[in-house]
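The values are calculated or read from the model by the stated rules, or taken from the named source; none is laboratory data. On a predicted model such as this, the values are computed, not experimentally measured, just so you know. Methodologically, a virtual Cβ is constructed for each residue, glycine included, from the backbone with ideal geometry; neighbour enumeration extends over all protein chains shown.
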Amino acid sequence: MNRIALLVLPLALAVAVPAQAQEIFGGLYVHDIESPLTLSGEEEGADLQLGYRWNRIGRTPIQPYVFGALNSSGQTHYAVAGVSARFGSRLYVRPGVGIALHSGDDGDFQDFSDDNVEFGSRLLFAPELGVGYSVNEQLTVEASLVHLSHAQLFGDQNPGIDNLGIRLNWKL
C-alpha cells in the first residue's frame, strides 16, 4: 500500500493545480533493459507510467513534470519529479532530468540470492531522453529511455537500470 501511495501522491498533487496544466502522459516501458549504461538487466516485467507536465517556465523551453511507474512484476516501482525541454516542432527531442524515489532495494552490495537490483540509495537521479512525433495539436507519441542511478555519489556500487518505452502525451 505504501508503494502505491508513493507513486500516486505526486500525481495527486499535480492534478490539484489544473490551471497550470500543460499535458498528461502515459506509456508502457520494458523494465531494466540491458544497456551499456548499467550493470543490471536483472529485474523483469513492464512499467506502466503515468505523468503530468506543466507549462513552460517563462520563455524557456523548460517544463516541470512528475510521473510514477508501476512494475508489473512487483519489483522496482518509482516516482520522479524533474524538468524537461522540448526541441523541435512536428518531430522533436525531449531531454529531461529528475530525482526519483523508488521502492526497490537500497542496499550497497549485490545480493545474488534474489533478482533485485541493489541501488545503493533510496533517492536516484533520473535522466531521460525522448524522441517524439506530433500527431496533431493535442497528441504526441514519444519513444523514451529513462535511466535510474545515483552516479556513485552514495557509494561505489551503482548498477542502475534503464527502462525503454513508448508514451502518449495529451495536451490539456
task = Take the stretch 104-160 and flag every residue that is at pLDDT 95 or above and either in contact with a Cys (Cβ under 9 Å, 6 or more places away or on another chain) or assigned to a loop (DSSP other than H, G, I, E, B) (or both).
result = 126, 127, 135, 136, 138
message = Pull out all pairs, ordered by first then second residue, where Cβ-Cβ is under 7 Å, the residues are six or more apart or on different chains, the first lies in the stretch 69-92 and is free of Cβ contacts under 8 Å to residues at least 40 places away in the same chain, and the second is of a type in the set (Gly, Ala, Ser) and crowded, with 18+ Cβ neighbours inside 10 Å.
response = 83/96
message = I'm checking my understanding of the structure. Among residues of the stretch 39-98 that are among the charged types (D, E, K, R) and surrounded by 14 or more Cβ atoms within 10 Å (Cβ to Cβ), which one is nearest to residue 128 (Cα to Cα)?
response = 94
